[in-house]
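Working notes for the structure below.
The values are calculated or read from the model by the stated rules, or taken from the named source; none is laboratory data. All values reported here derive from a predicted model rather than from experimental measurement. Counting neighbours? That spans all protein chains shown, and the Cβs are built from the backbone with ideal geometry, glycine included.
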């Protein structure tokens, strides 16, 4: 299959991007300054991320759509206000996760942002579940640009006036350069920021404009170190079809009002696990010293019994040390539990720790 | 000090008497990106030509460091373990990895000179 390119591919090239294949797309892993500089720039200033490979699924329908979606997602969608977003999951009957996603209530329906590697399968699953009653559009004509970091609000507001009025996890339509843009205040870095849905033919000029105002392009490498410091899950690593939201320590994302009656796919398993606890749970892990524990690193207790596995691990540039996330048996999931990680055939000490590794700077609401 | 020689695994080596100093090349650091972890061989241990003699990790991945010649490790550069970013800053100078007392200086004959290495690096990275 031919590798796909986003509408910003040429811009990445002219900014000396190093490319990797990600979910069938040619994506920038880093630019000339490198991952650590890009990471720190995002934390202190404003980073631009091309996330156009992600799926933008628009589903249109009346109130019956809300009812149908509540049979799928563990969310109180009836009480979700227009332009408000929620983090959620598409699950199977065993509460195994097909994908994690952000769903936003829009005027005529819902917008769901899906992971690039999952979007086509998600579309198929949702089409089968919803039938032909609702109009569904996995929109390939739109790019998705994220801008993240403390200066992002000022920079973006100078181009799209009014975005500074958005609260965290809300969105709205804005007019800019003779087109309607959907902007949400959200992100994946632990910083304040926005995601902008924009037509492909306008994306390059829009990003050039952001760069002119002082923001810089950031690659997938720094996106990974940023999200890991923020304790956020990456599908295919922390989450997959064999993990449930309870095991992933994401029970906060399940609406409380949906737990008494269930009625969503996977609800039985979720309700059982909420009551009895899961046998393994996602935790933060800090190796002692500078040692890095990568994905698939085995975790042991002091009797040489394997008690878990690392799902993501790297060096955290803002934490200035190694950080990881992984799954451990329930009895080892308490903060400050001493564990051993096996790297290159030797066991090294590490500690279970609280998430996030880096404190968030989200804007909660606007006065 | 002898002429700097280079290996296909992107190490550089210089010789002073029978003690060789070994590090990784600038080209290697550019391929790796930001280096955030370094592990060196133990002082007093013996390493064999083309065997592993350390590890470097970037934000992205771990890579073995090989020794281009055999010998006994007589010194290691602790400063790059404490501050791995130094390897990106000065890979072919102050950020050397280890020193070996070598047994067989003819092992250096198979290595590349600067011109040969630059050509090799260019060909293999494109």
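The table for this structure:
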{"quantity": "Per-region count, the range B:65-80, residues within 14 Å of another protein chain (Cβ to nearest Cβ) and either surrounded by fewer than 18 Cβ atoms within 10 Å (Cβ to Cβ) or in contact (Cβ under 8 Å) with a residue 60 or more places away in the chain (or both)", "calculated": "2"}
{"quantity": "Of residues in the range A:319-332 being touching a residue at least 60 places away in the same chain (Cβ under 8 Å) and within 12 Å of chain B (Cβ to nearest Cβ), the one farthest from residue A:231 (Cα to Cα)", "calculated": "A:319"}
{"quantity": "Filter result for residue A:247 (in a loop (DSSP other than H, G, I, E, B), touching a strand residue (DSSP E or B) at 6+ places or on another chain (Cβ under 7 Å), on the phi < 0 side of the Ramachandran plot and at pLDDT 95 or above)", "calculated": "yes"}
{"quantity": "Number of positions in the range B:1-36 that are surrounded by fewer than 20 Cβ atoms within 10 Å (Cβ to Cβ) and under 12 Å from the mean Cα position of the chain (by Cα)", "calculated": "6"}
{"quantity": "Criterion violated by residue A:257 - all others in (1) modelled with pLDDT of 95 or more; (2) assigned to a helix (DSSP H, G or I) satisfied", "calculated": "(1)"}
{"quantity": "Answer residue from the range B:28-64, given it is within 12 Å of chain A (Cβ to nearest Cβ) and touching a residue at least 60 places away in the same chain (Cβ under 8 Å) and is nearest to residue A:221 (Cα to Cα) among those", "calculated": "B:31"}
{"quantity": "So residue A:112, is it in contact (Cβ under 8 Å) with a residue 12 or more places away in the chain, in contact with a helix residue (DSSP H, G or I) (Cβ under 7 Å, 6 or more places away or on another chain) and closer than 17 Å to residue A:197 by Cα", "calculated": "no"}
{"quantity": "Criterion (within 14 Å of chain B (Cβ to nearest Cβ) and surrounded by fewer than 24 Cβ atoms within 10 Å (Cβ to Cβ)) met by exactly one of A:227, A:223", "calculated": "A:227"}
{"quantity": "Test: residue in the range A:342-349 that is surrounded by 14 or more Cβ atoms within 10 Å (Cβ to Cβ), touching a residue at least 60 places away in the same chain (Cβ under 8 Å) and within 14 Å of chain B (Cβ to nearest Cβ)", "calculated": "yes"}
{"quantity": "Options A:295, A:288; residue that is within 14 Å of chain B (Cβ to nearest Cβ), more than 22 Å from the chain's Cα centre (by Cα) and under 30 Å from residue A:222 (Cβ atoms)", "calculated": "A:288"}
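For every residue, the table says whether it meets (1) out of contact with any strand residue (DSSP E or B) (no Cβ under 7 Å at 6 or more places or on another chain); (2) under 22 Å from residue A:234 (Cα atoms); (3) part of a loop (DSSP other than H, G, I, E, B).
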| position | (1), (2), (3) |
| --- | --- |
| A:102 | no, yes, no |
| A:110 | no, no, no |
| A:124 | yes, yes, no |
| A:127 | no, no, no |
